[in-house]
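Okay, structure first, notes after.
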Amino acid sequence: AGLARVPGRDWLEFFIAQRQLDADETRAQGLAGMLALRDNSNTTHIPRLAARVAGSVPYADGELERAEELWSEGLERYPDDWEMLNNLAYLIGERMEQPERAMPLALQARDATRGQNAQVLDTLAAIQARLGEHEKAKQNLLVAMRQVRAIDARLPLAVRLAKVHIALNEIPQANVLLEQIRADASIGRSRLERYQSDIDEIQSGIDSTRGP
C-alpha cells in the first residue's frame, strides 16, 4: 500500500502548483499538479479548490473546450459548487455563445447561492439577454446592483443593465445609467480605457432610438 498523503504537504503542493501556474515555463507542470491534487488529496478543501483552478488555466489561455472539460469533471465531483457552475455557465453561454445549453447551469448557480451573489446574477442575466428574456435579465441585474458597493463590481453590471434598458426601449433609464457609468469609469485612466468601447456602444444604442 502507498503512503497516506499528509494534509500539510498537500497544502504546500497546492501553493507550489499555484506559483508554477504564474510562469509560462512551468504552467503545464502547475496544471498537472492541480489535477493530481484534485484526484488524490484526502483533505477537505484542496480537491475542490484544485478543480476550480484547473479549469481556469485553459480558460485563461483561450482553450475553451478544455476548460469546459475540466470544470465539467469538477462538477461531477462537486455538483453544488457555485463557482464552477457559474464559470461553466459563463463559458458556454457567453464565450461559446450557446445560451440554451448554459441556462440550466446558470440557474443551478443561482439556486446554490440563493440569489445572493452578484456575479452569479450577472451571468444569469447575460444568458437571459442572449435568449431575449430582457425583463428577467433586468430584474436580476437590479438585484445584483443592490448587492455591490465597489466601483469595479458595479461597472460591469451597470453596463449590462444599460444595454438591457435599450433592448426594452427604456431610454431614460439607459441615459441615467450611461451618465453613472461615465462618472465611475472616469475615476482612473485605465478604468476609462477599459470601458470606453462599452460607453460608445451604449451611446450609439441610445442615439439609434432617436431616428434621423
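The values are calculated or read from the model by the stated rules, or taken from the named source; none is laboratory data. Computed from a prediction, not measured in an experiment: that's the story for all the values here. We place every Cβ from the backbone using ideal geometry, glycine too, and count neighbours over all the protein chains shown.
Evaluation of A102 against the conditions (1) under 14 Å from S72 (Cα atoms); (2) within 11 Å of the chain's Cα centre (by Cα) shows that the sole unmet condition is (2).
Which of (1) out of contact with any helix residue (DSSP H, G or I) (no Cβ under 7 Å at 6 or more places or on another chain); (2) at pLDDT 95 or above; (3) among the basic types (K, R) is the odd one out, the single condition R9 does not satisfy? It fails just one condition, (2).
For the stretch 72-99, the candidate set comprises residues that are polar (S, T, N, Q) and under 12 Å from the mean Cα position of the chain (by Cα); within that set, the residue that is nearest to G55 (Cα to Cα) is N87.
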